[in-house]
1. Conditions first: (1) closer than 25 Å to T49 by Cα; (2) over 17 Å from the mean Cα position of the chain (by Cα). R99 passes all but one, so which condition is the exception?
2. Those residues that are surrounded by fewer than 18 Cβ atoms within 10 Å (Cβ to Cβ), over 19 Å from V112 (Cβ atoms) and in contact (Cβ under 8 Å) with a residue 12 or more places away in the chain, I need them from the range 124-146; list them, please.
3. Test N107 against the criterion of being exposed (fewer than 15 other Cβ atoms within 10 Å of the Cβ), at negative phi and assigned by TED's automatic domain parsing to the domain that holds D77, and give yes or no.
4. Can you find a residue that is surrounded by 16 or more Cβ atoms within 10 Å (Cβ to Cβ), assigned to a loop (DSSP other than H, G, I, E, B) and touching a Pro at 6+ places or on another chain (Cβ under 9 Å) anywhere in the range 40-51?
5. Taking A149 and the conditions (1) exposed (fewer than 15 other Cβ atoms within 10 Å of the Cβ); (2) small (G, A, S); (3) not in a strand (DSSP E or B), which numbered condition does it fall short on, given that it satisfies the others?
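The values are calculated or read from the model by the stated rules, or taken from the named source; none is laboratory data. As the structure is a prediction and not an experimental result, all values here were calculated from the model. So basically every Cβ, Gly included, is an ideal-geometry build from the backbone, and we count neighbours across all protein chains shown.
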Amino acid sequence: MQQSKLGKGMLIVAWVIGLALLTFMFEEQLEKQFNPNSEPISSTLNNGTEVRLKQNRSGHYVTGGAINGQPVVFLLDTGATQVSIPMHLAQQLSLRKGRGARVQTANGSVQVAQTNIERLSIGDIQLLNVAAHLNPAVSSNEILLGMSALKQLEFTQKGEWLTLKHL
């Protein structure tokens, strides 16, 4: 009887360890499906710097980058007028809250705080003094990379690739 309980216990422990290992192994795969550009590769050309981004599984362009030297995840959004940063990231990214403004988002109208990003980077592309707002209605950590940043770049899409070029 004692051996039977010990055997069942060992079997349960083996299953738990097996499931934990599978979760650990597939977590990286799932992250790559969401953000295939976690470390974007840059090319330096005669006339500027270029970064190529691959679409994620949902058809969006997500990439790793930095704001004021702190690593972030950007979701490119040509429909957003400005870069939109979740309010809870402001201190971590060294961003100061400016005057309030009401903006219209895909989820309705929201009160945001204006801010300015001293340095925004994607790969070797560096943008300075980018207008942005801090959005208290967003709980995720992804930052919408809107037109206040994208208008400083030339971008073209072919198939599942988006090329950003800083001249």
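1. (1)
2. D124, Q126
3. Against the criterion (exposed (fewer than 15 other Cβ atoms within 10 Å of the Cβ), at negative phi and assigned by TED's automatic domain parsing to the domain that holds D77), N107 qualifies.
4. There is no residue in the range 40-51 that is surrounded by 16 or more Cβ atoms within 10 Å (Cβ to Cβ), assigned to a loop (DSSP other than H, G, I, E, B) and touching a Pro at 6+ places or on another chain (Cβ under 9 Å).
5. (1)
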